[in-house]
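For reference, the structure discussed in these notes is given below.
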Amino acid sequence: MSNPHKYHRILLKLSGEALMGEADYGIDPKVIGRLADEIIEVQRAGIQIGVVIGGGNIFRGAGLAAAGMDRVTGDHMGMLATVMNALAMQDAIEKRGGFARVTSAIQIHDVAEDYIRRRAIRHIEKGRIVLFAAGTGNPFFTTDSAAALRAVEIGADLLLKATKVDGVYTADPAKHSDAVRYEQLGYDKVIEHKLEVMDTAAIALCRDQQMPLRIYDMTVPGNLMRIMRGEAIGTLVCGD
């Protein structure tokens, strides 16, 4: 399919919390269904897409460690949570007529393929939506870092982080009414000012590999496709 849009291949990062909707835990079928619809719309427009999903709606390794659990064990549990979320997204996509593959950074052959870079790229080139699960496969690395890594590895044109706010602000807009949204930021400013766009390792990798990152509000239907058309939705983090 021809692609008249600005981007050829993208990597979308969804937090596990994004799947909860208004619930306190788990997956809201309506939310994951809407996200699946938007992902399929992008793919059918001729844009190749990979997705990294977090696991914070089920387990957070860092939180478990803070409560006394061994950090490596907690992170491994968090990785398994991302596999569960990826399987749920695969199901939602396929029920809507899309084609998806779950690839895992840890071996779990009965439910997901091993992550192999060339195989993942081949799936994407064939029009399949590739869901990258289990983070990087290593403890102490977040799914933000996994998203930056996979975006670089598959040669994405853009890394997108879907959040519940419409970009990056000078301060928390929920607490500061005078907070101003940035339309564009440099990587170093994000790190220097600790703006919490993504963790520092992820931003540093994007900077070193010149991977543009856009943060946008995934709660607004249609935002993903608007970005594909070149609209300046949210905040763009790129080279100065």
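The values are calculated or read from the model by the stated rules, or taken from the named source; none is laboratory data. No experiment lies behind these values; they were computed from the predicted model shown. Neighbour counts are summed over all protein chains in view; Cβ atoms, including those assigned to glycine, are modelled from backbone coordinates with ideal geometry.
List of remarks:
- The set of residues in segment 68-78 that are in a helix (DSSP H, G or I), surrounded by fewer than 17 Cβ atoms within 10 Å (Cβ to Cβ) and not aliphatic (A, V, I, L, M) comprises 71, 73.
- Scanning segment 95-118 for residues that are under 12 Å from residue 131 (Cα atoms) and outside any loop (DSSP other than H, G, I, E, B) yields 100, 101, 102, 103, 104, 113, 114.
- Any hit, segment 95-103, residues being out of contact with any Cys (no Cβ under 9 Å at 6 or more places or on another chain), surrounded by fewer than 24 Cβ atoms within 10 Å (Cβ to Cβ), modelled with pLDDT of 95 or more and among the aromatic types (Phe, Trp, Tyr): yes
- Only one of the numbered conditions (1) surrounded by 23 or more Cβ atoms within 10 Å (Cβ to Cβ); (2) in contact with a Gly (Cβ under 6 Å, 6 or more places away or on another chain); (3) more than 30 Å from residue 96 (Cβ to Cβ) is violated by residue 235, and that is (3).
- Scanning segment 25-67 for residues that are surrounded by fewer than 17 Cβ atoms within 10 Å (Cβ to Cβ), at pLDDT below 90 and either in a helix (DSSP H, G or I) or under 14 Å from the mean Cα position of the chain (by Cα) (or both) gives 62, 63, 66.
- Here 142, 163 are screened, and the one residue that is among the polar types (S, T, N, Q) and under 22 Å from residue 222 (Cβ atoms) is 163.
- Failed criterion for residue 171 (all others in (1) over 23 Å from residue 154 (Cβ atoms); (2) modelled with pLDDT of 95 or more hold): (2)
- Residue within segment 158-175 that is within 27 Å of residue 40 (Cα to Cα), of a type in the set (S, T, N, Q) and in contact with a helix residue (DSSP H, G or I) (Cβ under 9 Å, 6 or more places away or on another chain) present: yes
- Residue in segment 193-209 that is of a type in the set (Lys, Arg), free of Cβ contacts under 8 Å to residues at least 60 places away in the same chain, more than 19 Å from residue 7 (Cβ to Cβ) and in contact with a helix residue (DSSP H, G or I) (Cβ under 6 Å, 6 or more places away or on another chain) present: yes
- In segment 105-150, the residue that is surrounded by the most Cβ atoms within 10 Å (Cβ to Cβ) out of those that are under 15 Å from the mean Cα position of the chain (by Cα) and hydroxyl-bearing (Ser, Thr, Tyr) is 143.
- Hey, residue 227 more than 30 Å from residue 122 (Cα to Cα), assigned to a helix (DSSP H, G or I) and of a type outside the set (Lys, Arg) or not: no
- Criterion (part of a helix (DSSP H, G or I) and under 13 Å from residue 50 (Cβ atoms)) met by exactly one of 92, 86, 81: 86
Residue-wise test of (1) surrounded by 15 or more Cβ atoms within 10 Å (Cβ to Cβ); (2) farther than 17 Å from residue 15 by Cβ.
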| site | (1), (2) |
| --- | --- |
| 153 | yes, yes |
| 157 | yes, yes |
| 169 | yes, yes |
| 195 | yes, no |
| 210 | no, yes |
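- Positions within segment 217-240 being over 20 Å from residue 148 (Cα atoms) and hydroxyl-bearing (Ser, Thr, Tyr), in sequence order: 219
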